[in-house]
Amino acid sequence: MSDDIITPDDEAVDDRFEDLLGEDLVISKIEADDLSLSTSLIGTATVIDAALNGSGAGAILASNDVTMSMAGAGIIGAQGDISVERGGAGVILAAGNVAITQGGAETIISGGSVSVDSGGAGIVVAREVAIKDGWVGIVAGSNVEIAEGAEVMFGPREAMYFGAAFGAVLGLVIGLFALMRGGGDEG
């Protein structure tokens, strides 16, 4: 196992790298312009662009694009596009487009389009959604395309009902707690 970071020594300024190419690394926190890691683990990464191959991350925050192959992350936030191939994430937040191939995510919220091919997602919210050979729990978008053989547990109408029911139950619970805490006070 090698612990190699390939970057010129003069690029590291206050623990921030311009271009960081690494393999077999364990990094708790990193800031870089372009990050490219293979078979590595990261706690948090704040980057412009990130490419992970066979790696894992707790959180990736990118001001541009994130590409993952055979990799996973707890949270991915990007102002650009996010591409996941044979991997997954807990939460994906993208201003741009999201493409997942043979992978999945618990929640995807995109300002652009979301395409899932041979994968799945729990909740997808985007302008355009295309599911091919996969599944989605709840989907909401202005243009949703579900290919034959793909499955959706709840569409926009069902998601609205679910949200309304959840809001009503939450309101009742909060109301009961408020009544129990402040109901007997006189003053």
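For G74, list long-range residues whose amide hydrogen, built 1.01 Å from N in the peptide plane, is under 5 Å from its own amide hydrogen.
Here the answer is A57, G58, A59, G90, since their amide H atoms fall under 5 Å of that of G74.
What are the semi-axes of the equivalent ellipsoid for segment 4-155, taken as the square roots of 5 times the Cα gyration tensor eigenvalues, largest first, in whole Å?
Whole-Å semi-axes of the equivalent ellipsoid: 31, 14, 11.
Starting from the Cα gyration tensor of segment 43-89, take the square roots of the eigenvalues, sort them a ≥ b ≥ c, and report rounded, prolate or oblate (rounded when a/c is under 1.5, otherwise prolate if a/b is larger than b/c, else oblate).
Oblate shape, in that a/c is at least 1.5 and b/c is the bigger or equal ratio.
Using the Karplus curve 6.51 cos²θ - 1.76 cosθ + 1.60 with θ = phi - 60°, work out ³J(HN,Hα) for each residue of segment 28-44 in order, rounded to whole Hz, and write x for Gly and Pro.
Working through the residues one at a time gives 6, 8, 9, 10, 7, 6, 10, 10, 9, 10, 10, 6, 10, 10, 10, x, 9 Hz.
What is the sum of charges, Lys and Arg at +1 and Asp and Glu at -1, for the other residues whose Cβ falls under 14 Å from the Cβ of R127?
-3
To the nearest 10 degrees, how steeply does helix 156-182 sit against the main Cα axis of the chain, on a 0 to 90 scale?
Between the helix axis and the principal axis of the chain, the angle is about 70 degrees.
Output ³J(HN,Hα) for segment 96-101: one whole-Hz value per residue in order, computed from phi by the Karplus curve 6.51 cos²θ - 1.76 cosθ + 1.60 with θ = phi - 60°, and x for Gly and Pro.
x, 8, 10, 10, 10, 10
Through the Karplus equation 6.51 cos²θ - 1.76 cosθ + 1.60, θ set to phi - 60°, convert the phi angles of segment 63-74 into ³J(HN,Hα) values in whole Hz; use x for Gly and Pro.
7, 9, 10, 10, 10, 10, 10, 6, 9, x, 8, x
Any idea what Rg and Dmax come out to for segment 65-187 if you just take the C-alpha atoms, in Å?
18.2, 64
No lab work stands behind these numbers, since they all come straight from the coordinates. Because the structure is predicted, anything quoted here is derived from the model rather than measured. Positions of Cβ are generated from backbone atoms using ideal geometry, with glycine treated the same way; all protein chains shown enter the neighbour counts.
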